[in-house]
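S.K.: Handing you this structure, nothing more for now.
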């Protein structure tokens, strides 16, 4: 009888120390990206390719490494995929006439797919489509072409040192179908497609 009473007392004491049953349940960490919104800013350099860089008559003849900046807003609809909107701007200088500049303003929707690595560094691929406007300017004048289709694709790395902050490094290829874009001011067309790479770094703020 004494042994049975002693055992009952010990079991009751252990249960009291353990607290409520739900205190013993392990809880998983909240998903790192799922249903989160990010605001990002990128800055980098553009490298023209194809007819956009070629010096033949009628082609772009643009110099390498133009400054490029981008602002983005995206929302992760799954654990790894986001839908977003991007606004980008870059200005290229003519190789022969330094006062002649070509400004490109792009507005695009995009998808980003992040590879779940289980670590703070995650590679991603992305692609987008939207519109672009070409603007030619020199020291005395400026003319705008009509909007044309713009396509982008590429990839990069996303590093999340803390839950609310992301650091990005990416390379994107732009194909702007501007060859037949009409310029009303002088009744001409652009005459070439704008093709270029942008290599950039960026900072993302995640909410909530």
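None of the figures in this text is laboratory data; all of them are computed from the coordinates on show. Computed from a prediction, not measured in an experiment: that's the story for all the values here. Counting neighbours? That spans all protein chains shown, and the Cβs are built from the backbone with ideal geometry, glycine included.
S.K.: Name the residue that is farthest from residue 111 (Cα to Cα), counting only residues in the stretch 73-83 that are crowded, with 20+ Cβ neighbours inside 10 Å and touching a residue at least 40 places away in the same chain (Cβ under 8 Å).
M.R.: Per the criteria, the residue is 76.
S.K.: Out of (1) part of a strand (DSSP E or B); (2) closer than 30 Å to residue 183 by Cβ, what's the single condition that is false for residue 60?
M.R.: For residue 60, the exception is condition (1).
S.K.: Could you check, for the stretch 48-60, whether at least one of its residues is touching a helix residue (DSSP H, G or I) at 6+ places or on another chain (Cβ under 8 Å), more than 17 Å from residue 165 (Cβ to Cβ), exposed (fewer than 13 other Cβ atoms within 10 Å of the Cβ) and free of Cβ contacts under 8 Å to residues at least 12 places away in the same chain?
M.R.: no
S.K.: With respect to the numbered conditions (1) out of contact with any helix residue (DSSP H, G or I) (no Cβ under 9 Å at 6 or more places or on another chain); (2) farther than 18 Å from residue 128 by Cα; (3) surrounded by 15 or more Cβ atoms within 10 Å (Cβ to Cβ), which one is the sole condition not fulfilled by residue 69?
M.R.: (2)
S.K.: Please verify whether the stretch 176-194 includes one or more residues that are within 22 Å of residue 63 (Cβ to Cβ), in contact with a helix residue (DSSP H, G or I) (Cβ under 6 Å, 6 or more places away or on another chain) and crowded, with 20+ Cβ neighbours inside 10 Å.
M.R.: There is at least one residue in the stretch 176-194 that is within 22 Å of residue 63 (Cβ to Cβ), in contact with a helix residue (DSSP H, G or I) (Cβ under 6 Å, 6 or more places away or on another chain) and crowded, with 20+ Cβ neighbours inside 10 Å.
S.K.: Whether any residue in the stretch 130-150 is under 11 Å from the mean Cα position of the chain (by Cα) and closer than 30 Å to residue 54 by Cβ is what I want to check.
M.R.: No, the stretch 130-150 contains no residue that is under 11 Å from the mean Cα position of the chain (by Cα) and closer than 30 Å to residue 54 by Cβ.
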